[in-house]
Amino acid sequence: NLSPKEQRDVWKSLTDEHQKITGKAVETAVEKLKNKSRFNRELHFSSESDEWYTPDKIITPTINLFGEIDLDPCSNSIDRPNIPAKNHFTKTDSGLEQIWRGKVFLNPPFRTEIKNWIEKLYHHYSAKDISEAIALLPGRTETKWFSLLREFPRCFISGRLYFSGKSNAAPFPSVVIYL
């Protein structure tokens with residue numbers, strides 16, 4: 001995924017003044033490419049933080065659909081929540097250990113524990129504890145947790161989503177799923 005200029009620069013670094021490729025030049029160029037590749041992977045596939053506050057362009061249509069949100073099980077705050085729900089669970093409440101009921105909006109932590117949040121959402125919806133839900137998720141369609149939601153309508157966000165409080169777009173594609 002190098003630009004034409006970067007490709008030329010790599011080629012130039014491979015050659016000495018006589019336009020012959022040297023072993024040392026190849027080692028140097030390969031190391032540069034590894035570092036660039038590592039940087040791109042970290043930039044595009046990691047979640048530096050679990051704090052990705054939902055933007056208004058997702059909250060407003062959710063409220064229009066639901067009328068009101070009963071529960072945000074992954075709230076940033078009880079006093080100043082990002083999601084205007086009747087009930088909120090924060091980290092200290094351990095939302096995974098609580099019963100979820102009503103109309104739920106889920107924007108879970110995006111690291112490895114996301115699987116647990118999706119399984120919990122699916123369980124409570126299947127048990128009819130949840131009447132409706134909207135889940136804002138990374139578009140990781142190759143994962144097992146994503147396949148749990150395959151039967152539900154979804155909307156892939158065009159481009160990268162700008163989460164509230166972030167100056168850069170998310171380093172991953174996003175999807176909204178309706179249960």
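Checking the cross-link pairs Lys57/Lys103; Lys91/Lys128; Lys91/Lys115; Lys86/Lys144; Lys57/Lys144 against a 21 Å limit on the alpha carbon distance flags Lys91/Lys128; Lys86/Lys144; Lys57/Lys144 as lying beyond it. In the complete set of protein chains, residue-level accessible area for Glu97 is approximately 150 Å², probe 1.4 angstrom.
For region 54-96, what does the alpha-carbon gyration tensor say about shape, rounded, prolate or oblate, given a ≥ b ≥ c as the root eigenvalues, a/c under 1.5 as rounded, and a/b over b/c as prolate? Since a/c reaches 1.5 and a/b is larger than b/c, the shape of region 54-96 is classed as prolate. Relative to the Cα centre, the charge distribution of region 87-152, modelled as +1 at Lys and Arg Cβ and -1 at Asp and Glu Cβ, gives a dipole magnitude of about 80 debye.
On the beta carbon distance between Glu113 and Asn168, with R0 = 25 Å, the FRET formula returns roughly 0.60.
The values are calculated or read from the model by the stated rules, or taken from the named source; none is laboratory data. Computed from a predicted structure; not experimentally measured. Quick reminder, even Gly has a Cβ in these numbers, built from the backbone with ideal geometry, and neighbours come from all protein chains shown. Only protein heavy atoms, including side chains, enter the accessible area calculation; ligands, DNA and RNA are left aside. Shrake-Rupley method; radii C 1.70, N 1.55, O 1.52, S 1.80 Å.
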